[in-house]
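Written out below as C-alpha cells is the structure these notes cover.
The values are calculated or read from the model by the stated rules, or taken from the named source; none is laboratory data. Since the structure is predicted, the reported quantities are computational estimates derived from the model, not experimental observations. Every residue, glycine among them, receives a Cβ derived from its backbone with ideal geometry; neighbour counts consider all protein chains shown. The accessibility values were calculated without ligands, DNA or RNA, using every heavy atom of the protein model including side chains. Shrake-Rupley method; radii C 1.70, N 1.55, O 1.52, S 1.80 Å.
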Amino acid sequence: MPTELPYAAEAESSLSFEELDVLKRQYYKEIEDGHVTTQSKFNYGWGLIKTQNNEMQTEGIKLLQEIYSASPPHRRECSYYIAVGYYKLKNYANAKKFNDLLLQHEPGNMQAQSLRVLIERGVTRDGYIGLGIVAGAAAVAGVVLASVIKRTKK
Amino acid sequence: MASDSHKGRHRPIKEALEPISNPYMSTLNDTLHIAKEVVMGSLQSDYRRSESVRILSDLAPSLMQPRIMAAAQNSSSARGVVTAPPPRPNALLRLPTSFPAGLTGIPPRATSNSLAILEAVDQLTQMSLDRSIGQEEHPSLIRGFRATVPSSELPKQRRRLIRGGMVDADLGLGSEKMGLKRLGDRARGLLTDGADDTPEPSRRRRRRHRRGGSFGRQSLKWEDLVKQADEIALDKENLHVRTSLIHSEINEVSAKIDTLEEIRRRLEASLLRLQEERLELDDELEGVQELLSDPNVMRDAKTISAIEHQENGTPVRSSRRRKGPAFLPSEHDELPPNVAFMTMRAHEGSVTALDFNEPYGLLVTGGDDGKAKVWDLCDGTQIGELRGHFGAVKALQVEDTLCLTGGTDGNIKLWDLRIVEEYEERRQKFANDVPASPLKPIKEIDAEDEGEFWDEGPSQFSITSNLTTLSQVEDEGPCVRTLEGHSKAVTALYYEDRVLVTGSQDKTIRVWSVETGRCEMTMDLLSVMSNPPDLQQVQTKPGLYRSSTSFGANHYDDLLPSPSLIGLSGASLLSAATSQTFSVPTPVYSDGSWRQYEEFVSGLQSWGYALVSGSGDGAVRMWDLRSGQAHRTLLAHSAPVTCLQFDENHIISGSLDRTMRIWDIRTGTVIETHRYEFPVTSLGFDSRRVLACTGEPGIELYNRTSHKHQRLTTNGHTSPAERLRFSDRYLVSGDRGGSIKAWAL
C-alpha cells in the first residue's frame, strides 16, 4: 500500500476548478445526507491540499487530520498526506513531525524518504531566505539612514 | 471582458511588477495572471485560472503548447495565446511566494482553521499508527482518489463519443475536454508517452475520420484501438477499486451500526439502572414519610416491645412489609455484592424457618432438629435458644425485639428477645452451680426479673402474664405468651399491626389478637375448598393444571414416575388436600433429596383487612378479614403453594410445581411465570428484585426492572437453600444442611 503513495511533486499539481468543485459538492452533499464517507472526505481534502492556496490547503489538512483521528486504518497513509500539506504550507516543523511518524513505522518508504529530503532542503532554504531578508532589511535601513543623514547635513 | 477589468484594476501593480517579472517571462503577452500568481500566489483568490496555468508551466513544460494553455485557461476569459514562461528547474524549489513560515513558526495568515489544525497536531501525533491485526486491507486513499476523481470518467465519455460517431462540433469544448483529460491523467500520475507525444495529431485524425462519416469506423487506427483497450483496462481497474471502496465503506457502516447498537444497549441498561434507582428512591421516600407520620419518631429506648408500641394507635408496619432502605452500616456498602459474607452452622437437619428484625440485628432460626436459636448478626454468634415448643418451629417472625413462633405442636409463642441472652447466662450459671435442682432458683430470679419487666410494661401485660402462666410453669424463659388453638402444626404465620394470622396443618387459618391472646376468627379452608365461593375457579382454564404426572409414583396411581416431570393432577391434588392428613412428597431437590410436604397453609400475608394465603391445593386465596370470606381464588399452580408475598400491585407465589408466578392483583391473572428445575420453597421481593430458594444451593435473584436472572452462589450454600428473608441489600438464607448465610446484595 505505501508504494502507492504519490511523491510530493504530485501534490503540486492542482486539480481543475471543475474537478475540485465536483469533489467539494460530493463532500457537502454527504454532510447533508448525514454520512460522510472517508473517501469523499479524503478526495476533497487532498484536492484542497493540491491547490496553491494556503487557506484551502489549511482546510485540506484539517479534513485529513479528521480522517487521521477518526479512522485508524488510514492513519499511516494520512500522516504522509498531512506531512505533504504542511510542507506545502511551509510549516516544516509539523511536516517533519508527521513524516517522521510514518518513517518510524515504515523506514523504507521511498516517498516519505524523499519528502524528508525535501523538507530538510526547505528548512535550510528558509534559513537562507531569513538571512537574506535580514540582510536586505539592514541594507535598506542603511540606505534610508544614509539619505536621512545626507538630508540633515544639507 | 473580465480580463480587461482585471487589467484596469491591476494596471499600477502590473506596471510595478514588470521589472520583476521580466526575467521570468520572455513574452509579455497578457501575462498578468502569471505575474500576479508568481508574486502573490498565496494571496491569490481567483485561483482557478492561475492554478491551471501555473501547474502547466511549472510541472509540465512539455505541454506548454498554446492550444492546451488556452483550454486550461478555461473558455471564458483568456482566449488569447499565452506563451508559457520558460520552465523552471524544480517546481518545489521555487522562491517562496509567501513569507517563509519557517521563520515565524505559523503560517502567514492565521485563520481559525490554521490555528485549529496546529492545535490538533500534538494530539494526533500521539495516536498509534499500529495496524490492528485482522483488519482487512482497505484500498489506499490515494488509489480511491485516483479512481473516483471526476477526470477518471473522461476517457470513457470520450470513447463513447467516438463510438457514437458524433461530430465534435465545438472544437473549443473538445480541446477543453482533452485538457481536462490530460489533467486527470497527470493527477493520476499517468503520463503515458502516447498521450504525451502526439496528442494533437491523433485528435486531428479523429476529427478527420468523423468528417469522413461512414468511413469513420474502418479508418480507426490500430494504435487507437490498443490505446482504447488500455484505457478500458484502466477504467476496469478503477471500477474495481471503487467497488472495493464501497464495500469497505459498507463494512465500516456495519461496524458503526454494531457500535451504535452496543451503545444503545448500554444506554438502555443505564436507563434500567436509573429506573431501579427511582424505585429505590420511591421506597425510601415512602419509608421516610411513614416515619414522619409516626409521632413516636423519638423512640424511647425503654419501651419494651412492639406490643407496647402499638398501643399508641399508630399502625406499625410489619418489618416484612417495611419498605425503603434498611439501616445498613457503612461497612455493608463496601462488601462485594451478591456474595455471602457470613456463615453460621445452625441446625442438624434442614432450616425450617428464619427471620431477623433488622440487618445486623437479631436472627431467629428454626430447624428440623426441633430447636429455635437466636443469633447476633453482627458477629454471627448464637445468643441463646428459644425453648418451649415441642417439636420443630415451622414458622416464625421477628418484629423488633418481639419474636413469634409457630411450632409443630400447634402452639404459637411470643418471645422477648432482649432477655434471651441474660436468661441463657443465668441458665448456664445455675446449671453449673446447682445441678441438683436448677429449676427453683431460676424461678425465683425470674420472678424478680419478671417484676421489673412488668413495671416497665403497660398495664395490660398483667393480663397477659396470667394467660401465659402455663408457659411460665413450663419454662420461665423469655417466652412471654403462648397462643393455643390449632390442633396441628402451625406452618405459616404473619403478624402486623397487633394482628396475628396463622395457618396450620389442620387446614384452618386463625386470626389472633395479640393483646388479648384470643383467637378472633377461624377460617376453614376445607369448607372453602368444597364450596368454592366465587366463580374464579370456573373461569380458570383446567388446562392450567399440569395433569401428566404426580409427585411420586408410589403415592398416586400415576404411571409416569420420572422425577423430572413431577406435578399433580387437579383431582389427585384436591384429594390429597382434602384428605385427613395432608401429605405429599416434594419433587426432588438438586441434591436428589426430597421430603414429605405437610404444610397445608404455608404462605400468608395480611395488610389491613386483606389477607392472602397459599395452600396445599395450589390455590392462592384473597380473603377479607372483616367477613372471613375468600373473595377470590387464584388458580394456576399445579402443586402446593409454598410461599407468597404481595404488595399493592402484585402477588408473587412459589410452589412445589417448580414455578414462581407473579400475579396482577387487579386482574387476578398471572403476568409472569418463571419455571425452575426444582421446587420453589421460599421467596421475597421488593420493588426491584425477587429472591427465591428454588431447591438449589444457588439463590435465585430476579431483577424486576431488567428482567434478568442471576444465581447467588459465591461462597454460597452447599446444599439446597430452603428459606430466605431479605431487607434492602441484606439477605439471610438457610439451607437443607442447617447452615445459615448472610449476604450482601
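Key figures for this structure:
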read-out	value
Meets criteria (under 15 Å from B:P150 (Cα atoms), facing another protein chain (nearest Cβ under 7 Å), open to solvent by 10 Å² or more (accessible area, probe 1.4 Å) and more than 19 Å from the chain's Cα centre (by Cα)) for A:Q26	no
Selected residue (only one of B:L161, B:L220, B:L225, B:L245 is at pLDDT 75 or above, more than 14 Å from chain A (Cβ to nearest Cβ) and surrounded by 13 or more Cβ atoms within 10 Å (Cβ to Cβ))	B:L161
Selection status of A:R116, basic (K, R) and either closer than 18 Å to A:K50 by Cα or within 11 Å of another protein chain (Cβ to nearest Cβ) (or both)	no
Options A:E55, A:E66, A:E120, A:E77; residue that is open to solvent by 50 Å² or more (accessible area, probe 1.4 Å) and under 14 Å from B:L124 (Cα atoms)	A:E66
Number of positions in the range B:597-625 that are among the aromatic types (F, W, Y) and assigned to a loop (DSSP other than H, G, I, E, B)	2
Test: residue in the range A:129-149 that is in a helix (DSSP H, G or I) and closer than 30 Å to B:L141 by Cβ	no
Filter pass, B:E450 being farther than 17 Å from B:V612 by Cα, at pLDDT below 85 and either part of a loop (DSSP other than H, G, I, E, B) or open to solvent by 60 Å² or more (accessible area, probe 1.4 Å) (or both)	no
Test: residue in the range B:351-358 that is surrounded by 11 or more Cβ atoms within 10 Å (Cβ to Cβ), in contact with a helix residue (DSSP H, G or I) (Cβ under 9 Å, 6 or more places away or on another chain) and at pLDDT 80 or above	yes
Close pairs from the range B:506-527: first within 14 Å of B:K413 (Cα to Cα), partner polar (S, T, N, Q) and surrounded by fewer than 22 Cβ atoms within 10 Å (Cβ to Cβ), Cβ under 7 Å, at least 6 apart	B:E515/B:Q460; B:G517/B:T464
Residues located in the range A:81-99, provided they are at the interface with chain B (Cβ under 9 Å from one of its Cβ atoms) and in a helix (DSSP H, G or I)	A:Y81, A:I82, A:G85, A:Y86, A:Y87, A:L89, A:Y92, A:A93, A:N94, A:K97, A:F98
Which listed residue is in contact (Cβ under 8 Å) with a residue 24 or more places away in the chain and either small (G, A, S) or at the interface with chain B (Cβ under 7 Å from one of its Cβ atoms) (or both), from A:E66, A:E4, A:E19, A:E59	A:E19
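Here's the yes/no breakdown for (1) over 29 Å from B:V339 (Cβ atoms); (2) open to solvent by 30 Å² or more (accessible area, probe 1.4 Å); (3) part of a strand (DSSP E or B):
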| position | (1), (2), (3) |
| --- | --- |
| B:S627 | yes, yes, no |
| B:C643 | no, no, yes |
| B:I651 | yes, no, yes |
| B:D657 | yes, no, no |
| B:M660 | no, no, yes |
| B:V680 | no, no, no |
| B:L683 | no, no, yes |
| B:P697 | no, yes, no |
